[in-house]
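Comments concern the structure below.
The values are calculated or read from the model by the stated rules, or taken from the named source; none is laboratory data. Nothing here was measured: the structure is a model prediction, and the numbers come from that model. Neighbour counts are summed over all protein chains in view; Cβ atoms, including those assigned to glycine, are modelled from backbone coordinates with ideal geometry. Accessible surface areas use protein heavy atoms only, side chains included; no ligands, DNA or RNA. Shrake-Rupley method; radii C 1.70, N 1.55, O 1.52, S 1.80 Å.
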Amino acid sequence: MKKLNVAIIGQGRSGRGIHGAYFLKEAGQKLYNVVAVVDRDEAFRARALEEYPGCEVFASPEEIYGRTDIDLVVNASVSNEHYEVAMGLLEAGFNVVTEKPFARTRYECDAIIKKAKDKGVKLAVFQQAFLSEYYLKTKEVIDSGKLGEIQQIDITYSGFSRRWDWQSTQVKMGGNIYNTGPHPIGLAVGFLDGDPDIQVVFSRLNQSQVMSSGDSDTYAKILITAPGKPVVDVEVNSNDAFPSASFKVLGSKGTFQSSFSGWKMKYIVEGENPEQPLVLETLKDANGLPTYCSEQLITHEEEGAYDNRLVVATEMYYESVYKHLTEGAELAVKPEWAAQIISIIETAHAQNPLPVKF
């Protein structure tokens, strides 16, 4: 099996802690070989020389332009640099995996996609949550029909923590819906089957200087839907000390609930609970006293646990990229869906302009 040569742009939490960590594991080393690392931080470059045996290090992406021995470049630059770096790499003729958020606006996303097509190179966006067990199980249940007609899907990626790094500022393209939001918003797009007519029907962004030292959003509530599809309620909140389950699917026959570690479901089966005759007068009990509707429904319950979170999803993602580059297989996560995610984020920001302070 041919190993592909990789260059990594950026050695921050994502470039080193996610992408770099994968390439150093057995699964990654079977398919890829890191030959170059780019970071403006001299200390990060020195560390990269130790962590990726045989690689070369550079201070800027332009220094690898012209090389013909690199099969794939991972763009894990700072969020507000994703567009510029991706466009430069594609123009230079590289195949690119770019980190989320894809870009700041839908226009930038479409420009990146067009550039890749014009240059005849491959483009992928790192939205690995689409390959996570918790998403795949939730989608399986939705598509199974067990819950009947799906009326609402709640997605919550919340917690109780503060931030004071660059990802808490608007100038660096920070905030909850640019940082964390591409995951839950992306899964919302997936639950709606990537419908091109997805609409943001409500959004609210708030800043909390208690939970953030920056000026970006710490609370995001976005409701999206599409014709004939359920309402999806997405919440990303840094002020939630008691966050609820990550996913809740409400159907006409039951409910599915999932965290990142496990799931449970309760539903009824058609025909097992005969229809009750409608009574328009006041209901009375055996003693002739007013009473409420009361019965013991025949229900079914299922539950299960997940073996992993995003680690295996990352492996699956890069296996998909490898097959895409070597065999022409279809990508597991298409850039067009990543562009839809940014459309939703852009709309939420347009509907909720926040004061820029830095």
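Given the alternatives (i) 19.0; (ii) 22.5; (iii) 20.5, mean projected area of the Cα convex hull in nm² as computed for this entry is given by (ii). To the nearest ten degrees, helix 133-144 and the longest principal axis of the Cα atoms of the chain are 40 degrees apart. Remark: the GLU91-VAL201 segment gains 35.9 nm on full extension, using 0.36 nm per residue and subtracting the alpha carbon distance. For region 238-358, what's the relative contact order in percent, using C-alpha pairs closer than 8 Å and at least 6 residues apart? Here the relative contact order equals 17 percent. Taking the average, over residues, of other Cβ atoms within 10 Å as the packing measure, peptides 9-21, 290-302, 175-187, 93-105 rank 175-187, 93-105, 9-21, 290-302 from highest down. Once you reduce region 89-137 and region 59-83 to the center of their Cα atoms, the two points are 13 Å from each other.
Subtracting the Cα-Cα distance of SER252 and LYS266 from 0.36 nm times their residue separation leaves 3.9 nm of extension gain. The long axis of helix 106-119 is offset from the longest Cα principal axis of the chain by roughly 50 degrees. Which percent of the accessible area of the chain is formed by carbon and sulfur heavy atoms (probe 1.4 angstrom)? Reported share for carbon and sulfur atoms: 51 percent.
In straight-distance terms, cross-link reach from LYS248 covers every one of the lysines whose alpha-carbon lies under 22 Å from its own, apart from those fewer than eight places away in the same chain; here that gives LYS137, LYS139, LYS146, LYS221, LYS229, LYS264, LYS266. If R0 is 45 Å, the Cβ-Cβ spacing of THR326 and SER244 corresponds to a FRET efficiency of close to 0.60.
When a/c reaches 1.5 or more, the comparison of a/b and b/c decides; with that in mind, is region 169-299 rounded, prolate or oblate per its Cα gyration tensor?
Cα axes put region 169-299 in the prolate bin.
What is the helix-to-structure angle for 82-91, meaning the angle in degrees between its Cα long axis and the longest Cα principal axis of the chain, kept from 0 to 90 and rounded to the nearest 10? Helix 82-91 and the main axis of the chain meet at about 50 degrees. When only alpha carbons are used to place a centre, region 259-335 and region 16-55 end up 40 Å from one another. Which of the aspartates and glutamates could be linked to LYS253 by a straight reach, that is with a Cα gap under 17 Å, when you skip same-chain ones fewer than 8 residues away? By straight Cα distance, LYS253 reaches GLU140, ASP143, GLU149, ASP154, GLU270, GLU272, GLU275, GLU295, GLU301, GLU302, GLU303.
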